[in-house]
Amino acid sequence: MVNEQVFSAIASEKGAVSDEQVDGLVGDMCPVSDYEGKRVLLIVPDGTRTAPVGLVFKKLFDQLSRATKQFDVMIALGTHQPMSEAAICNRLEISMEDRTSQYRDVAFINHEWDNPQVLKNIGTITKEEISLLTDGRFAMDVPVEINKRLYDYDEVIIVGPVFPHEVVGFSGGNKYLFPGVGGPQILNFFHWLGAVVTNPMIIGNKWTPVRKVVDKAGALVDIQKKCFCMVVRPDKSLAGLFAGSPEAAWDHASEVSRPTHITIKNKPFHTVFSCVPPMYEDLWTGGKGMYKLEPVVADGGELIIFAPHITEVSVTHGKTMMEIGYHCRDYFLEQWNQFKHYPWGVLAHSTHVRGIGKMVNGNEQCRIKLTIASQIPESVCHQINVGYRDPATINIEDFANREDEGVLLVRKAGEMLHQLKHPPEWAARS
């Protein structure tokens with residue numbers, strides 16, 4: 001555990017953190033007397049994370065806005081598409097009428113990861129440090145850039161959930177800075193680092209090489225920082241809320257996330273039917289329906305991503321994905337000169353969605369079959385190296401209540417991690 005003060009509220013197994021407890025944590029962490037005349041920036045996730053972000057936003061606003069000179073919100077998009085004003089209101093759980101009245105002075109800011117004009121270089125993680133942090137896997141200087149608008153404020157307050165995560169191990173904490181509001185170089189580096197280690201060896205583990213890099217980058221952000229880490233159940237209730245530094249709050253929250261968000265299965269399944277919810281608007285984000293379930297698919301089995309609402313591979317990175325397709329890690333490593341010039345974060349996404357595999361005599365052999373049932377045309381699925389099924393021909397209930405037969409139905413995929421009680425070597429966890 002990080003040895004720093006953390007204010008916390010942990011619910012009982014059948015209970016939930018109450019509004020009164022949230023009030024108490026906000027009051028303890030952010031006493032109004034500390035904020036007279038200050039400029040405060042709240043950093044929150046976009047709509048691809050289930051969490052009562054609005055609850056904490058409104059508590060903080062009520063607590064601080066009467067004292068602060070400025071109280072604004074930035075969306076930690078990473079490389080996701082910008083959010084509309086209405087979508088941000090939905091994220092913050094306020095109406096458009098509220099927006100134009102009570103919250104009219106709050107600026108809503110979308111991060112722009114690919115706009116050099118809004119980025120500020122705050123230092124470099126040296127190749128010696130990278131070698132140490134990555135256990136010798138890489139040795140290269142990594143420049144660290146962040147949205148320069150953070151430096152218009154006296155304090156940054158991060159509010160977001162903690163879940164098992166395919167790139168970093170557990171999301172939350174400094175991850176809402178990098179990649180949340182960071183630049184492309186650090187983003188591309190640590191995403192590819194996660195891909196090289198592989199999703200099953202990263203996800204659900206705490207002190208991964210990627211987490212170490214993210215925290216190192218976070219330490220370069222020389223602004224006062226506080227963080228509210230939420231552990232959120234599928235019904236959006238709070239299993240826990242932790243307030244402290246980004247490092248310490250995340251450390252405590254991830255301990256509660258582990259039993260809350262990881263489902264252990266005794267044996268693998270030959271068919272896993274993954275229902276991707278509408279909050280994932282393209283396959284880029286909907287790929288979480290693969291990340292969280294790959295560890296319980298049997299060798300040679302099939303994972304079906306069922307997402308009849310999805311029409312695009314990626315709103316932001318579609319052109320690149322159409323060129324490279326979905327492949328296992330070793331496909332890229334064995335042909336590195338051909339692919340190294342592509343954004344490493346996009347290569348990483350490709351490997352995470354396609355899963356574990358290897359190259360044998362120049363041929364790719366992926367461990368499982370991946371099938372996409374969406375509005376993405378069959379021809380496009382074949383072009384990007386995944387299988388296709390017409391979602392209109394599928395009855396979800398055909399996959400229900402068949403675990404004894406080796407068929408697993410997950411009705412809301414993307415946040416709950418499934419792992420095996422006795423994982424194979426390629427998915428061994430700490």
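The values are calculated or read from the model by the stated rules, or taken from the named source; none is laboratory data. These numbers were taken from a predicted model, which means no experiment stands behind them. Note that we place each Cβ from the backbone using ideal geometry, even for glycine, and neighbour counts take in every protein chain shown. Accessible surface areas use protein heavy atoms only, side chains included; no ligands, DNA or RNA. Shrake-Rupley method; radii C 1.70, N 1.55, O 1.52, S 1.80 Å.
For the reader, a short list of remarks on this structure follows.
- Filtered by the rule that a residue be among the small types (Gly, Ala, Ser) and either closer than 22 Å to residue 223 by Cα or not in a loop (DSSP other than H, G, I, E, B) (or both), the stretch 86-130 gives 86, 87, 107, 123.
- Criterion applied to 50, 68 was being at pLDDT below 95 and either among the β-branched types (Val, Ile, Thr) or surrounded by 16 or more Cβ atoms within 10 Å (Cβ to Cβ) (or both), and the one residue passing it is 50.
- If you go through the stretch 403-430 and pick out every residue that is out of contact with any His (no Cβ under 8 Å at 6 or more places or on another chain), closer than 13 Å to residue 268 by Cα and not aliphatic (A, V, I, L, M), you end up with 9.
- Checked against (1) over 30 Å from residue 93 (Cβ atoms); (2) in contact with a Gly (Cβ under 6 Å, 6 or more places away or on another chain), residue 174 passes all but condition (1).
- Identity of the residue in the stretch 407-418, open to solvent by 10 Å² or more (accessible area, probe 1.4 Å) and in contact with a helix residue (DSSP H, G or I) (Cβ under 6 Å, 6 or more places away or on another chain), that ends up farthest from residue 163 (Cα to Cα): 409
- Extreme residue, nearest to residue 53 (Cα to Cα), among residues of the stretch 79-105 that are open to solvent by less than 20 Å² (accessible area, probe 1.4 Å) and in contact with a Lys or Arg (Cβ under 8 Å, 6 or more places away or on another chain): 92
- Just one of the numbered conditions (1) of a type in the set (Asp, Glu); (2) in contact (Cβ under 8 Å) with a residue 24 or more places away in the chain; (3) at negative phi is not true of residue 128: (2).
- In the stretch 391-406, the residues that are within 14 Å of residue 305 (Cα to Cα) and either open to solvent by less than 80 Å² (accessible area, probe 1.4 Å) or assigned to a strand (DSSP E or B) (or both): 391, 394, 395, 396, 399
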